[in-house]
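Here the structure is laid out as structure tokens; the discussion comes afterwards.
The values are calculated or read from the model by the stated rules, or taken from the named source; none is laboratory data. Remember, it's a predicted structure, so these values are computed and weren't measured experimentally. For the accessible areas, the whole protein counts, side chains as well, though only heavy atoms, and no ligand, DNA or RNA atoms are used. Shrake-Rupley method; radii C 1.70, N 1.55, O 1.52, S 1.80 Å.
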Amino acid sequence: MSEPAATGKKRILIVEDERPLAHALELKLGHEGYETVVALSGAEGLEKAHNEKFDCILLDLIMPEVDGFSFLQEYRKKSQTPVIILSNLGQEEDKAKAKTLGATDYFVKANTPILTIVTRVKTALTA
């Protein structure tokens with residue numbers, strides 16, 4: 001559905017307001033051969049998601065300006081690009097709400113190694 005970037009690399013949007021985690025994901029995914037773009041707020045992420053093509057989105061839920069649920073609700077009106085939630089909200093209601101809004105998968109950040117997230121991104125991109 002989405003077109004590959006001019007470099008031929010798959011593009012991943014990381015919407016995460018925790019800079020150290022965003023940077024770690026950026027480094028690890030870059031090392032795996034992906035092109036990454038980081039947005040440090042939900043509003044910035046939504047703007048980038050609407051104006052650029054991405055093959056996958058990693059999305060935090062608790063962020064400034066626009067939260068992840070609102071992002072997902074708005075984004076799903078225009079695209080079916082895989083969106084993987086990375087959040088510290090671990091309640092089943094939050095997971096169910098994210099899935100209902102169209103999330104591809106849901107990880108609790110505190111319990112999930114970055115390598116697991118990278119593996120899931122690879123799976124989503126080959127599905």
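What the table below lists for this structure:
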{"read-out": "Exposure of LEU58 as accessible area (Å², to 10), given a probe of 1.4 Å and all protein chains", "value": "0"}
{"read-out": "Computed accessible area, ARG120, all protein chains, 1.4 angstrom probe, square angstrom", "value": "50"}
{"read-out": "Shape of segment 19-78, Cα gyration tensor, a/c cut at 1.5", "value": "oblate"}
{"read-out": "Projected-area average for the chain over all orientations - Cα convex hull basis, square nanometres", "value": "6.9"}
{"read-out": "HIS23 accessible area, assembled protein chains, probe 1.4 Å, Å²", "value": "100"}
{"read-out": "Whole-angstrom gap from segment 79-127 to segment 21-78, using each part's C-alpha centre", "value": "12"}
{"read-out": "Nonlocal amide H pairs with ILE85, under 5 Å, H built at 1.01 Å", "value": "LEU59, THR104, ASP105, TYR106, PHE107"}
{"read-out": "Helix-only CD estimate at 222 nm, as mean residue ellipticity for the chain, using -39500 (n - 2.57) per DSSP H run (n ≥ 4)", "value": "-12500 deg cm²/dmol"}
